[in-house]
Amino acid sequence: MKEYKNIELKTNKIPLEGLGQWIITISGDDWAKILVRAENNLVANLQVPGFRKGKVPAHIAKKHIKDDEVLRNAGNSAIKIAYQYGLDQKDLDVKVTNKPGVEITDLSKSLCKLIFNFDLPLEVDLKAYTNFDIKKTEVEIEQAEIDQQVKLLKDRFAVYSPKEKGNLVTGDIAVFDFTGTIKGEEFPGGKAEDAQLEIGSNQFIAGFEEQMIGMKQGESKVIKVTFPQEYHIENLAGQEAEFAVTLKEIKIKLLTDNNEELVQDVNIPNVSTYQELVEYIREQLKEQKMRSVKDEFINNLFTEILKSANIIVPNSLIDKETDRLLNEFKMQLKQQNVTFEDYQKMTNLTEEEVRKEAQKDALWQLQTYILTEEIAKAENITATDGEIEDYINQISMQFNIPIEEIKKNMKDLNFIVSNIRRNKTLDWLWENNGSSTKTVEKKAAATAPKSKTTADEVKPKVSKAKAAPAKSKKN
């Protein structure tokens, strides 16, 4: 590289992105020579009618070659020259760890500036991770919460019976067809047959259910509503719509008053009496709340540990985890019948902005995973053979798969071992930081926040259909 005298190389580290950079600028006579070679290369390959290839006179050739073509050609040459220049340097604090990404950030007749991006190598410098004084939230179980869970279960396992007489009232189940139009034109998703709706559940947009009250079986009616301004489908937001509705059937919901029948309906293993069901619900609520408390505590603890620890995650790992999180998020949107484009319109976020948010989550997950692994090593936390067997047994029971089949299809136990080790390490951190957490059971009659944990474990006999005029899911 002695031929080049006007090449400047600076290094830059971006630890939070796991990124190391070579910032290389070529200017002066060195850049002028590269430009001349680029122009000569274009002239040598220029084809002009009436002249042989490479034999076009210079004054004619220059008329056919544009300045930006010369710059692009010179820029491509500069990439090879700059990269080799970096390789020839000694003792750079940013090493070559992978095939770099390269970006030309400045390209003109006076200079060429390039940035080569490399992974910073994984680096872990773990400091203190015990005796942090982080508050553990007190867990409270109120009787009202247990009562609410029982109510939800009774509602889930209600019997639906045809209504023999009377008009549609609040609490009834309407079975109906509808066709929605805006300015006389039907719109996608605005039509359904045999839709089911509990009147008063507020599942549909404001005014829809109220206008159905009083309808008779077999009656048709036009319902006029306005979609909310924040509706998740942009072209419907704020629009006035008409729905031609035909009420086909009215059902009533019959809740059981027999607690023992409810026990049989939910059919939970090892629960045969109503008192056992209540105890099961109480334990589920405890477990749910303790899990939430532990998650919050561990997140706060990791935040404190990371203030003193030094963890550099290679950029390529961050990119892969970001891609995984984004794909997972898009699948979740799809399950809610929302496209990624609709989500962007709802949030006014560009794809790059969404990716940046996902990148933050990806870095956090990777850092906390690495932290957990390092702490497990430091404290000799491992998975025993018995714990591995128990884990496989749990999978077998949960998914009703024979144990031998699980072992046969499992290429290795690394995934199971990693999960067990991680959970044990998190438990160890819980025990060795903060103050103890109490579980308090209250019998106050105050209204408690709704919890779906217990009710969601059992399947309802009747599912409610969702239709186009349903409320927006946007918060």
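Each reported figure results from applying straightforward, stated rules to the coordinates on display, with no laboratory input. Values in this document were obtained by computation on a predicted structure and should not be read as measured data. Positions of Cβ are backbone-derived with ideal geometry, glycine not excepted, and every protein chain shown enters the neighbour counts.
Among 226, 384, which comes first, second and so on when ranked by fewest other beta-carbon atoms within 10 Å?
With the sparsest Cβ surroundings first, the list reads 384, 226.
Please list the three semi-axes, largest first and in whole Å, of the ellipsoid equivalent to segment 358-438, using sqrt of 5 times the eigenvalues of its alpha carbon gyration tensor.
Its equivalent ellipsoid spans semi-axes of 27, 17, 13 Å.
When ranked by the protection proxy of mean other Cβ atoms within 10 Å per residue, highest first, what sequence do the peptides 88-97, 190-199 form?
Taking the mean over residues of other Cβ atoms within 10 Å, the ranking is 190-199, 88-97.
Compute the Kirkwood hydrodynamic radius of segment 260-457, taking the inverse of the mean of 1/r over all pairs of distinct Cα atoms, and give it in Å to one decimal.
Hydrodynamic radius (Kirkwood, Cα pairs) of segment 260-457 is 21.0 Å.
For segment 7-120, what is the relative contact order in percent, using Cα pairs closer than 8 Å and at least 6 residues apart in sequence?
Once normalised by length, the contact order is 37 percent.
Just want to confirm a number: the relative contact order over the chain, from Cα pairs under 8 angstrom separated by 6+ residues, in percent.
Value for the chain: 22 percent.
Between segment 244-314 and segment 193-239, what is the separation of their alpha carbon centroids in Å?
Centre-to-centre (Cα) distance: 30 Å.
Out of all Cα-Cα pairs in segment 159-254, roughly what percent, to the nearest whole number, are more than 16 Å apart?
Within segment 159-254, distances greater than 16 Å cover 54 percent of Cα pairs.
Give the percent of DSSP beta bridges with both residues in the chain that are antiparallel, rounded to the nearest 5.
So the antiparallel bridges in the chain amount to around 95 percent.
Using only alpha carbon pairs under 8 Å that are at least six residues apart, calculate the relative contact order of segment 159-254 and give it in whole percent.
Contact order relative to length: 41 percent.
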